[in-house]
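Only one structure is covered here, and it is reproduced in the block below.
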Amino acid sequence: MSDPLEVIKNSKLNAPVNRRYVLNGILGIGAVAAFGPLLAACGDSESATEAATGGKIGGELNFIGYSGEDAATVAKDFLTKNGITVKPTFIATADEPLTKFKTGGRGQMDLISDNKDFQRSVLSAGEELYQALDLSRIPNAAGLMGAFKSAEWLTKDGKSYGVPLIWGDEPCVYNPDKWDGVPAKYTDFADKKYKGELVMVDDAVANTWLWAKSMGISDPSRMTQAQLDATIKEMLKTKPNVVTFSASLGDQADVLVRGDASIAIGGWAYQIVLAGKKGVVLKSASPATDGTFYWSDSYGIAVDSPNIDNAYAFINYMMSPEANAAIATELGSGVTILGALDELDAATKSLYDYSMVANAGGVLSTQVVVPPAKDEGDIVGMAKWVKAWANFKLG
């Protein structure tokens with residue numbers, strides 16, 4: 001059995017502060033005030049505060065996961081009312097909850113937030129980390145949209161091991177004063193007209209996957225060494241047009257706002273909102289032929305959770321339409337609860353195409369971005385992807 005502890009090692013694909021929580025970046029920490037109306041609605045929501053069916057809540061809740069998904073602001077009133085104190089541990093890579101669980105953390109972890117590819121790998125490998133959920137204790141989860149109600153990456157042997165919280169994609173974001181749109185394929189960015197116009201995030205997985213997909217490789221997450229080498233060779237044709245490799249998607253937004261580049265490859269739709277607050281107009285689009293990739297983060301409960309009643313109560317609260325809309329707004333993401341759509345402002349609602357998650361199945365269930373943890377026969381693993389990316393930056 002392969003050990004998925006290394007599945008996403010050294011990859012910034014899943015770094016939460018980079019992708020989803022940049023309020024202390026170009027927006028400034030004062031921007032949280034913009035979410036006031038939604039947060040007030042959360043505090044008034046009866047459906048949200050009737051959190052758990054059974055069990056006594058109060059005391060500690062040990063959270064490990066992405067920064068912002070502990071919902072310190074969104075759930076403040078709920079936590080205070082119910083006497084719950086969240087003790088957060090924030091992760092930089094998706095494997096950290098499993099690492100902690102295996103190295104003395106068992107029995108000390110309650111709530112886990114993580115991404116779909118990691119969750120899928122843990123369940124597929126039969127690793128102990130998530131416990132099967134009693135969905136009767138999360139009645140608000142009945143409001144999940146079709147793609148999330150039957151999330152295949154969270155299901156095994158007919159049991160659910162997580163509840164999707166937010167989702168999104170990583171399109172290209174561009175300056176419409178300079179460009180009418182983006183090319184049909186990522187490989188088209190090698191055109192000399194883009195020289196000095198591109199900014200890429202320093203991400204070994206996302207960029208490699210996108211270029212492999214553009215080259216027509218059927219499953220870009222499972223490449224041979226020859227396919228990986230060919231992908232890097234093709235990417236090198238675009239490198240002369242890249243101004244910089246940003247450390248995060250927040251930094252990437254800053255580059256666009258400053259005008260140092262005019263197209264962000266593998267960006268974030270929320271960059272449009274962030275830039276708008278600085279008086280800069282941006283648009284997003286995905287190459288028509290290649291498309292983009294999608295992500296989703298979910299809450300799960302750890303095996304041997306010491307505060308399981310608090311964990312169920314918290315998840316149920318965050319699945320209320322008001323709380324789900326508030327956390328999606330705060331993190332610039334898509335909601336997973338159907339009723340939350342009515343709670344979103346027009347700008348946040350327009351960031352994502354909700355028709356693609358209205359029904360069961362779809363790209364979130366079938367698309368895998370992260371490569372195997374280790375080599376599997378001719379299929380190369382994460383370490384070789386990271387090495388190839390390092391060589392690309394040096395090349």
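The values are calculated or read from the model by the stated rules, or taken from the named source; none is laboratory data. What you see is a predicted model; the values in this text were computed from it and never measured. Every residue, glycine as well, gets a Cβ built from its backbone with ideal geometry; the counts of neighbours run over all protein chains shown. The area values use the complete protein model at the heavy-atom level, side chains included, leaving out ligands, DNA and RNA. Shrake-Rupley method; radii C 1.70, N 1.55, O 1.52, S 1.80 Å.
Remarks
- Within the range 211-256, the set of residues being over 16 Å from Y194 (Cβ atoms) and among the β-branched types (V, I, T) comprises I217, T224, T231, I232.
- G143 vs. criteria open to solvent by less than 30 Å² (accessible area, probe 1.4 Å), out of contact with any Leu (no Cβ under 6 Å at 6 or more places or on another chain), of a type outside the set (A, V, I, L, M) and touching a residue at least 24 places away in the same chain (Cβ under 8 Å): no
Listed here are the residues, each with its yes/no results for (1) modelled with pLDDT under 95; (2) over 20 Å from G395 (Cβ atoms); (3) open to solvent by 10 Å² or more (accessible area, probe 1.4 Å).
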{"position": "W209", "(1), (2), (3)": "no, no, no"}
{"position": "G216", "(1), (2), (3)": "no, yes, yes"}
{"position": "M223", "(1), (2), (3)": "no, no, no"}
{"position": "L228", "(1), (2), (3)": "no, no, no"}
{"position": "I232", "(1), (2), (3)": "no, no, yes"}
{"position": "K237", "(1), (2), (3)": "no, no, yes"}
{"position": "V243", "(1), (2), (3)": "no, no, yes"}
{"position": "S246", "(1), (2), (3)": "yes, no, no"}
{"position": "D251", "(1), (2), (3)": "yes, yes, yes"}
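- Enumerated strands (runs of 3 or more DSSP E) restricted to the range 53-118, each holding at least 2 residues that are open to solvent by 50 Å² or more (accessible area, probe 1.4 Å) and touching a Phe, Trp or Tyr at 6+ places or on another chain (Cβ under 8 Å): 84-90
- From the options A288, A275, A311, residue that is in a helix (DSSP H, G or I) and at pLDDT 95 or above: A311
- Residue ID - least open to solvent (accessible area, probe 1.4 Å), chosen from residues in the range 352-389 that are of a type in the set (D, E, K, R) and either under 15 Å from L144 (Cβ atoms) or assigned to a helix (DSSP H, G or I) (or both): K384
- Selection count where residues are farther than 17 Å from F189 by Cα and open to solvent by less than 60 Å² (accessible area, probe 1.4 Å), scope the range 257-266: 2
- Looking across the range 365-380, the residues that are over 23 Å from D297 (Cα atoms) and modelled with pLDDT of 90 or more come down to D375, E376, G377, D378, I379, V380.
- Subset of the range 302-317 that is aliphatic (A, V, I, L, M) and crowded, with 24+ Cβ neighbours inside 10 Å - its residue that is nearest to the chain's Cα centre (by Cα): I315
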